[in-house]
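Student: The structure under discussion is supplied below as structure tokens; questions concerning it will follow.
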Amino acid sequence: MSTEATTAPTRVRDRAQYGLCAALALVGLVVIWDATRIGAATSSNDPVGPRAMPFIIGAALLVVSALYALDVYRGGVGEQEAGEDVELGHPADWKTVGLLAGAFLLNAVLMEPLGWVISGALLFAAAAFALGNRHHVRGLAIGLALSLITFYAFAIGLDVNLPAGILQGIL
Amino acid sequence: MDNISALLGGFADVITPMNLLIALLGVIVGTAVGVLPGIGPAMTVALLLPLTYGLPVEQSLILFGGIFYGGMYGGSTTSILLNTPGESSSVVTALEGNKMAKTGRAAQALATSAIGSFVAGTIGTMLIVLVMPQVVDFAITLGSPEFLAIILVAFVGTAAILGSSRVRGFAALLMGIALGLVGTDFVTGQQRLTFGSPFLADNIDVVVIAVGIFAVGEALWVAAHLRRRAATVIPVGRPWLSRADWGRSWKPWLRGTALGFPFGAIPAGGAEIPTFMSYLAERRLSKHPEEFGKGAIEGVAGPEAANNASAAGTMVPLLALGLPTNATAAIIIAAFMSYGIEPGPLLLTKQPDLVWMLVASLFIGNFFLLVLNLPLAPTWAKLLRIPRPYLYAGILFFASMGAYAVQGQPFDLYVLLALGFVGFAMRRFGPPVLPLIVGAILGPLFERHLRRSLQQSGGDISGLVGGPVALVCYFIILGVLVWPLVARLRRGARGDDDDADDGGDDDTPSGPVSTSTIPNWG
């Protein structure tokens, strides 16, 4: 993408960047709005108070989002990140992203009621499925092995916080 | 030579069979995870952090030293054997390293990289011992206004120098500082940006931010652009070097070390610049310039040494000032905080044993790395063939586990996913990740020093510019901010206006790899 934009004689604009600028501006506004709700609690001990920093950062976010938008308007493009397993040049595969986020959310919901061993195994199997794994049994088996190993090693061996859930007393 | 005896004390603390076993474990796990494609050193350290939670602080540090060097080395193996480096510091290694691998010299490339890393790591760690206490002696005399100025230099340095676009760097930095604002104000107890949620009142843990941006963001980004056919992995035998290779490698190792260490120690962006400078230097000094581009061993030896020496260099500001200068260092600081260690100039006076133990474990981790990696390289290479669905499912698995383990709240998992999407957007649109992490870690510290300086001066703004150190810092900041304007004017005066596609006063979008902009700074 970026090579295209920097070498092509005509400017290829990446208009989706304006969305990012808007998001930055929105964050800036939220930060400022939130700071206005805080009572003005300055004292001789603390002449600045808790509001100054959010005001500065919020204002700076607004300024940067404007400069960013100006940069995009003038044809600036950001580099998409390349990587070992990344193939750019195709449109984003939102279905895979959605499935993956779904698998993640499922784990967040199920973790405490069912416990890490079950929810972690499901997370692994579902995420692998989302990314194209079609050996369902193998995916689930690896997930279960991983979650059992991590549970015994961390929760029981090292006292790390991991919920046992419905398997409390069995594991 | 107080330092040396203190260091020997550190060694005495570390060298027990149990501790050595822990260091070995750290190196093995760190290398294994670091070798995995798509996982750079910073993500390795972030993902493996929970591993250390259950241990006593001392052993956590030892494990951590091993993971740190293991993750660094693992990343270079990936770039030599796969040619698609996951992070900027190994871009240069891949240039010659992968060419060597393709012409059947993978074993030599891995060997010169392993031995070069060892040499650079050992010299670099020795330099930490010599330099760090001096920096601490100096830093301990500094007050809040000076620290404020130093943190500002770190902010401007990471946002404006790294990456190709300043405005994108500052956007990332401000997002990070905003994330750091979430929670309870430390002076007045007021809630900021918590939106009434009791879960946010405790601040967002930096580990959650790092894991979300690095690990979850990476998994989502890869999911959107997954390469459906696997990249070709070059088979490798046991690494070894011939006499001729030794002869061609040792000078680049030393030159790379000399370039890497100072760059690591200043907040101007980790290993990217020194590795590239080392590559240029070796190409110029080589007796075999015709081999460059076809797999010259000097082009692997120099940058790899520079990479590791710069990693050692980052430990100086990290231990002496509490300043992170690259992403891995940022996560190390987060780790320290989670162990209840406050990084900063007082650390060496308050807990000298811990510091020297950490330095000693860096030496030991570095040694284990050499011993392990020469024989185990073929095994590591096999890890590159791991099926991608399992790899990224595993990343999400460990990311969830780590984020949950921080506080035991499922709420953190939702925060993690939201941050994952922020990380996704950053990978899509190009703002660099490091300024965000640095902002999140140093933002609260910045505010603390700001308020303390103004408290000392009774609210008088002039209290912010106290003393020569602060003045020097503000001059540096001014220089960094004004430099592109000066460069532009000079270019304009020479009449070669090369920025037809350039985007505005505060931005220079560059080609796919930002190496194209590096020579301007060198």
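The values are calculated or read from the model by the stated rules, or taken from the named source; none is laboratory data. Note that the structure is predicted; figures quoted are calculated from it, not measured. Glycine gets a Cβ as well: all are built from the backbone with ideal geometry, and neighbour counts include every protein chain shown.
Student: Of the conditions (1) among the hydrophobic types (A, V, I, L, M, F, W, C); (2) assigned to a helix (DSSP H, G or I); (3) in contact with a Ser or Thr (Cβ under 9 Å, 6 or more places away or on another chain), B:I151 satisfies every one except a single condition; which number is it?
Tutor: Here B:I151 meets the rest and fails (3).
Student: Which one is surrounded by the most Cβ atoms within 10 Å (Cβ to Cβ), of the residues in region B:181-192 that are within 9 Å of chain A (Cβ to nearest Cβ) and not in a loop (DSSP other than H, G, I, E, B)?
Tutor: Ranking the qualifying residues of region B:181-192, first place goes to B:L181.
Student: From (1) under 25 Å from the mean Cα position of the chain (by Cα); (2) crowded, with 17+ Cβ neighbours inside 10 Å, pick out the condition that doesn't hold for A:H90.
Tutor: Tallying (1) under 25 Å from the mean Cα position of the chain (by Cα); (2) crowded, with 17+ Cβ neighbours inside 10 Å, A:H90 fails exactly one: (2).
Student: In this structure, is A:L148 within 28 Å of B:S60 (Cβ to Cβ) and surrounded by fewer than 17 Cβ atoms within 10 Å (Cβ to Cβ)?
Tutor: Working: within 28 Å of B:S60 (Cβ to Cβ): yes; surrounded by fewer than 17 Cβ atoms within 10 Å (Cβ to Cβ): yes.
Criteria met by A:L148.
Student: Report yes if B:S60 is in contact (Cβ under 8 Å) with a residue 12 or more places away in the chain and outside any loop (DSSP other than H, G, I, E, B), otherwise no.
Tutor: Judged against the criteria, B:S60 is a match.
Student: Same structure again: Say whether the condition of being modelled with pLDDT under 95, at the interface with chain B (Cβ under 7 Å from one of its Cβ atoms) and in contact with a strand residue (DSSP E or B) (Cβ under 7 Å, 6 or more places away or on another chain) is met by at least one residue in region A:16-27.
Tutor: no
Student: Since B:S5 meets every condition but one in (1) surrounded by 17 or more Cβ atoms within 10 Å (Cβ to Cβ); (2) small (G, A, S); (3) part of a helix (DSSP H, G or I), which condition does it not meet?
Tutor: It is condition (1) that B:S5 fails.
Student: Any residue in region B:92-105 that's closer than 11 Å to B:F292 by Cβ: show its pairings with residues that are small (G, A, S) and modelled with pLDDT of 85 or more at Cβ separation under 6 Å, as long as the two are six or more apart or on different chains.
Tutor: These pairs meet every condition: B:E96/B:G295; B:E96/B:A296; B:E96/B:G299; B:K99/B:G295.
Student: Also, quick follow-up: Quick one: which of B:A334, B:A360 is crowded, with 16+ Cβ neighbours inside 10 Å, in contact (Cβ under 8 Å) with a residue 40 or more places away in the chain and within 29 Å of A:V97 (Cα to Cα)? Explain how you work it out, then say what you get.
Tutor: Details: B:A360 fails: within 29 Å of A:V97 (Cα to Cα).
Within the list B:A334, B:A360, the selection yields B:A334.
Student: Would you pick out the residues in region A:49-76 that are more than 7 Å from chain B (Cβ to nearest Cβ) and among the aliphatic types (A, V, I, L, M)?
Tutor: Across region A:49-76, the qualifying residues are A:A52, A:I56, A:A59, A:L62, A:V63, A:A66, A:A69, A:V72.
Student: Hey, could you check region B:238-269 for residues that are part of a loop (DSSP other than H, G, I, E, B) and either at the interface with chain A (Cβ under 10 Å from one of its Cβ atoms) or farther than 30 Å from B:V480 by Cα (or both) and say which is modelled with the lowest pLDDT?
Tutor: Here the answer is B:R238.
Student: Further, regarding this structure: Please indicate, with yes or no, whether at least one residue in region B:271-285 is basic (K, R), assigned to a helix (DSSP H, G or I) and either on the phi < 0 side of the Ramachandran plot or touching a Gly at 6+ places or on another chain (Cβ under 6 Å) (or both). Don't jump to the end; show me each part of the working.
Tutor: As a first pass, look at region B:271-285 and keep what is basic (K, R): B:283-284.
Still in the running and assigned to a helix (DSSP H, G or I): B:283-284.
With either on the phi < 0 side of the Ramachandran plot or touching a Gly at 6+ places or on another chain (Cβ under 6 Å) (or both) added as a condition, the list becomes B:283-284.
Yes, that holds for at least one residue.
Student: Take region B:392-416 and flag every residue that is closer than 16 Å to A:L99 by Cα and surrounded by fewer than 22 Cβ atoms within 10 Å (Cβ to Cβ).
Tutor: Listed by number, the list holds a single entry, B:Y414.
Student: Please go through region B:290-309 and give me each residue that is charged (D, E, K, R) and either touching a Phe, Trp or Tyr at 6+ places or on another chain (Cβ under 8 Å) or in a helix (DSSP H, G or I) (or both), ordered by number.
Tutor: Narrowing region B:290-309 to residues charged (D, E, K, R): B:290-291, B:294, B:298, B:304.
B:E290, B:E291, B:E298, B:E304, listed by residue number.
Student: Need the failing condition index for A:E79 against (1) more than 7 Å from every other protein chain (Cβ to nearest Cβ); (2) surrounded by 15 or more Cβ atoms within 10 Å (Cβ to Cβ); (3) more than 21 Å from B:L48 (Cβ to Cβ); (4) not basic (K, R), just the number.
Tutor: Of (1) more than 7 Å from every other protein chain (Cβ to nearest Cβ); (2) surrounded by 15 or more Cβ atoms within 10 Å (Cβ to Cβ); (3) more than 21 Å from B:L48 (Cβ to Cβ); (4) not basic (K, R), only one is false for A:E79: (1).
Student: Also, I was wondering about something else. Could you grab me the full set of residues in region B:16-39 that are without any contact (Cβ under 8 Å) to a residue 60 or more places away in the chain and part of a loop (DSSP other than H, G, I, E, B)?
Tutor: B:T16
Student: For region B:193-203, which residues satisfy the criterion of being touching a Leu at 6+ places or on another chain (Cβ under 8 Å) and either crowded, with 24+ Cβ neighbours inside 10 Å or hydroxyl-bearing (S, T, Y) (or both)?
Tutor: We begin by selecting, within region B:193-203, every residue touching a Leu at 6+ places or on another chain (Cβ under 8 Å); these are B:193-194, B:200.
Residue satisfying the conditions is B:T194 alone.
Student: What number of residues in region A:151-168 are touching a Gly at 6+ places or on another chain (Cβ under 7 Å), in contact (Cβ under 8 Å) with a residue 40 or more places away in the chain and surrounded by 16 or more Cβ atoms within 10 Å (Cβ to Cβ)?
Tutor: Residues flagged as touching a Gly at 6+ places or on another chain (Cβ under 7 Å), in contact (Cβ under 8 Å) with a residue 40 or more places away in the chain and surrounded by 16 or more Cβ atoms within 10 Å (Cβ to Cβ) within region A:151-168 amount to 3.
Student: From A:L158, A:L146, A:L162, A:L123, which residue is touching a Ser or Thr at 6+ places or on another chain (Cβ under 7 Å), within 24 Å of B:D412 (Cβ to Cβ) and at the interface with chain B (Cβ under 10 Å from one of its Cβ atoms)? Don't jump to the end; show me each part of the working.
Tutor: Numbers: A:L158 fails: touching a Ser or Thr at 6+ places or on another chain (Cβ under 7 Å); A:L146 fails: touching a Ser or Thr at 6+ places or on another chain (Cβ under 7 Å); A:L162 fails: touching a Ser or Thr at 6+ places or on another chain (Cβ under 7 Å).
Result of the check over A:L158, A:L146, A:L162, A:L123: A:L123.
Student: Looking at (1) part of a helix (DSSP H, G or I); (2) in contact (Cβ under 8 Å) with a residue 24 or more places away in the chain, which is the one condition that is false for B:P235?
Tutor: Unmet for B:P235, out of (1) part of a helix (DSSP H, G or I); (2) in contact (Cβ under 8 Å) with a residue 24 or more places away in the chain: (1).
Student: It is to be established whether one or more residues within region B:431-448 are facing chain A (nearest Cβ under 9 Å) and farther than 19 Å from B:I333 by Cβ.
Tutor: yes
Student: Moving on to the next point. Within the group B:A223, B:A210, B:A171, B:A219, which residue is assigned to a helix (DSSP H, G or I), farther than 22 Å from A:G49 by Cα and more than 9 Å from every other protein chain (Cβ to nearest Cβ)? Steps first, answer last, please.
Tutor: Values: B:A223 fails: more than 9 Å from every other protein chain (Cβ to nearest Cβ); B:A171 fails: more than 9 Å from every other protein chain (Cβ to nearest Cβ); B:A219 fails: more than 9 Å from every other protein chain (Cβ to nearest Cβ).
Step by step, each of B:A223, B:A210, B:A171, B:A219 is checked, and only B:A210 is assigned to a helix (DSSP H, G or I), farther than 22 Å from A:G49 by Cα and more than 9 Å from every other protein chain (Cβ to nearest Cβ).
Student: Check B:D185, B:D205 and return the single one that is closer than 20 Å to B:P435 by Cα and of a type in the set (D, E). Give the steps one after another, and end with the answer.
Tutor: Working: B:D185 fails: closer than 20 Å to B:P435 by Cα.
Testing whether each residue is closer than 20 Å to B:P435 by Cα and of a type in the set (D, E) leaves just B:D205.
Student: Spot the failing condition for B:P198; the list is (1) away from every other protein chain (no Cβ under 14 Å); (2) in contact with a helix residue (DSSP H, G or I) (Cβ under 7 Å, 6 or more places away or on another chain); (3) in a loop (DSSP other than H, G, I, E, B), and only one is missed.
Tutor: That leaves (2) as the condition not met.
Student: Now for a separate question. In the set B:A107, B:A101, which member is crowded, with 24+ Cβ neighbours inside 10 Å and either within 14 Å of chain A (Cβ to nearest Cβ) or in a helix (DSSP H, G or I) (or both)? Full working, then the answer.
Tutor: On the way: B:A107 fails: crowded, with 24+ Cβ neighbours inside 10 Å.
Within the list B:A107, B:A101, the selection yields B:A101.
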